[in-house]
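**Q** Here it is, the structure in full.
The values are calculated or read from the model by the stated rules, or taken from the named source; none is laboratory data. Predicted model, so just to flag it, every value in this text is computed and none were measured. Cβ placement follows ideal geometry from the backbone for every residue including glycine, while neighbour counts extend to all protein chains displayed. Only protein heavy atoms, including side chains, enter the accessible area calculation; ligands, DNA and RNA are left aside. Shrake-Rupley method; radii C 1.70, N 1.55, O 1.52, S 1.80 Å.
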Amino acid sequence: MTLPHLTDDPDALFDALEPELCRRPAAPVADHYRALFGLLGARFGGRAVVERSGYSLRSVPRLREVFPEARFVHLYRDGADCALSMSRHPGFRLIQLMAERAETTESLPAGLEALLSDDDADLRPLYERSVPVAEFGRLWSHTIVEGLAHLSRLPAAIRMSLSYESLLDAPERELTRLAHHLGVEPLPEWLAAGSALLDGDRRGTAAAALPPAELAALRESCAPGARALSLAGAG
């Protein structure tokens, strides 16, 4: 997923990286990542490495431990819209199921238990089962509350909050703020390319289309996370 963002020929880049990385001696995983970042920076002229993955807030303590030089950006969006998007993503549907499995004292249906214990099973029944979207609102809230607690333990100078909605409102301002936080110059061509990628039609429209009762339940399930963002000064 990473290399195609850097080149139109990711297979050739992979082939070029392989001998460089395979000859490295045994070392902590963070050192291998730094070596990879160095190779990519030398090849593409980059000065900073930015990694963005969803559902990574719980990894903040570990990332801080292994990359003490790292700076952190909390990128978030409206909880209801985010939860609805999560509900349509196979990975988050599996995460929600595992959270449900850990929290309940009741056994899951036998068919689901069998699927979870079989590495070769067809997982489509897991992804296609009906789950109220409010369950993903609860997952979003739990993630936000837990993640903000992790972020609050970081020095203020190395953490930044950035909302999707603020990016839509003022893309150049917010991208400039992001670049300065990362310690790089906000190049005009980068600001233009980043602004062009933003889709204003995704602001609050997805969740608003839900039936009223379903939307109300979703908003209620997102309330703890929304309150936590507000108290943290991020919402």
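**Q** Take Gly111 and decide whether it is modelled with pLDDT of 90 or more and loosely packed, with under 14 Cβ neighbours inside 10 Å.
**A** Numbers: modelled with pLDDT of 90 or more: no; loosely packed, with under 14 Cβ neighbours inside 10 Å: yes.
Criteria not met by Gly111.
**Q** So, of the residues in the stretch 217-235 that are open to solvent by 60 Å² or more (accessible area, probe 1.4 Å) and of a type in the set (A, V, I, L, M, F, W, C), which turns out to be modelled with the lowest pLDDT?
**A** Applying the filter and picking the extreme gives Ala232.
**Q** Turning to a different aspect of this structure: Within the stretch 73-82, is even one residue within 26 Å of Gly233 (Cβ to Cβ), aromatic (Phe, Trp, Tyr), open to solvent by 50 Å² or more (accessible area, probe 1.4 Å) and touching a residue at least 40 places away in the same chain (Cβ under 8 Å)? Even if it seems obvious, please write down each step before you answer.
**A** So the first thing to find is which residues in the stretch 73-82 are within 26 Å of Gly233 (Cβ to Cβ), and the list is 73-82.
Next cut, aromatic (Phe, Trp, Tyr) only: 76.
Still in the running and open to solvent by 50 Å² or more (accessible area, probe 1.4 Å): none.
No.
**Q** Taking the stretch 32-56 as the search range and keeping residues that are among the basic types (Lys, Arg) and farther than 17 Å from Val66 by Cα, which one is most open to solvent (accessible area, probe 1.4 Å)?
**A** In the first step, residues of the stretch 32-56 are kept if they are among the basic types (Lys, Arg); the result is 34, 43, 47, 52.
Still in the list and also farther than 17 Å from Val66 by Cα: 43, 47.
On the way: Arg43: 136, Arg47: 186 Å².
The extreme case among them is Arg47.
**Q** Also: Identify all residues within the stretch 6-31 that are within 24 Å of Leu63 (Cα to Cα) and either open to solvent by 80 Å² or more (accessible area, probe 1.4 Å) or in contact (Cβ under 8 Å) with a residue 24 or more places away in the chain (or both); write none if there are none. Write out each step before concluding.
**A** Here is the first cut: in the stretch 6-31, the residues within 24 Å of Leu63 (Cα to Cα) are 6, 17, 21-22, 24-31.
Of everything in the stretch 6-31, those that are within 24 Å of Leu63 (Cα to Cα) and either open to solvent by 80 Å² or more (accessible area, probe 1.4 Å) or in contact (Cβ under 8 Å) with a residue 24 or more places away in the chain (or both) turn out to be Leu6, Cys22, Pro25, Ala26, Pro28, Val29, Ala30.
**Q** To continue, here is another question. Checking the condition out of contact with any helix residue (DSSP H, G or I) (no Cβ under 7 Å at 6 or more places or on another chain), acidic (Asp, Glu) and modelled with pLDDT of 95 or more, which residue from Glu103, Glu65 passes?
**A** Details: Glu103 fails: modelled with pLDDT of 95 or more.
Every option except Glu65 fails the conditions.
**Q** Can you tell me how many residues within the stretch 57-72 are open to solvent by 60 Å² or more (accessible area, probe 1.4 Å) and closer than 21 Å to Tyr164 by Cβ?
**A** Within the stretch 57-72, the subset open to solvent by 60 Å² or more (accessible area, probe 1.4 Å) is 58, 61-65, 68-69, 71.
Going one step further and asking which of them are closer than 21 Å to Tyr164 by Cβ, we end up with 58, 71.
The qualifying residues number 2.
**Q** With the condition kept exactly as written, say whether any residue in the stretch 179-201 is open to solvent by less than 30 Å² (accessible area, probe 1.4 Å), over 25 Å from Pro90 (Cα atoms), of a type outside the set (D, E, K, R) and touching a residue at least 60 places away in the same chain (Cβ under 8 Å). It would help to see each step written out before you state the result.
**A** Step one: list which residues in the stretch 179-201 are open to solvent by less than 30 Å² (accessible area, probe 1.4 Å), which gives 179, 181, 186, 191, 194.
Narrowing the set further to residues that are over 25 Å from Pro90 (Cα atoms) leaves 179, 181, 186, 191, 194.
From what's left, of a type outside the set (D, E, K, R): 179, 181, 186, 191, 194.
Going one step further and asking which of them are touching a residue at least 60 places away in the same chain (Cβ under 8 Å), we end up with 181.
Within the stretch 179-201, one or more residues are open to solvent by less than 30 Å² (accessible area, probe 1.4 Å), over 25 Å from Pro90 (Cα atoms), of a type outside the set (D, E, K, R) and touching a residue at least 60 places away in the same chain (Cβ under 8 Å).
**Q** Here are Glu65, Glu51: which of them is under 15 Å from Leu151 (Cβ atoms), free of Cβ contacts under 8 Å to residues at least 12 places away in the same chain and charged (D, E, K, R)?
**A** Working: Glu51 fails: under 15 Å from Leu151 (Cβ atoms).
Selected residue: Glu65, the only one of Glu65, Glu51 that is under 15 Å from Leu151 (Cβ atoms), free of Cβ contacts under 8 Å to residues at least 12 places away in the same chain and charged (D, E, K, R).
**Q** Just to verify a result, which residue in the stretch 141-178, among those that are under 14 Å from His74 (Cβ atoms), among the aliphatic types (A, V, I, L, M) and free of Cβ contacts under 8 Å to residues at least 60 places away in the same chain, is least open to solvent (accessible area, probe 1.4 Å)?
**A** Filtering the stretch 141-178 for residues that are under 14 Å from His74 (Cβ atoms), among the aliphatic types (A, V, I, L, M) and free of Cβ contacts under 8 Å to residues at least 60 places away in the same chain, the one least open to solvent (accessible area, probe 1.4 Å) comes out as Leu167.
**Q** Is it the case that some residue within the stretch 140-151 is aliphatic (A, V, I, L, M) and not in a helix (DSSP H, G or I)? Break it down into steps so the answer makes sense when it comes.
**A** Let us first name the residues in the stretch 140-151 that are aliphatic (A, V, I, L, M), namely 144-145, 148-149, 151.
Still in the list and also not in a helix (DSSP H, G or I): none.
No, that holds for no residue.
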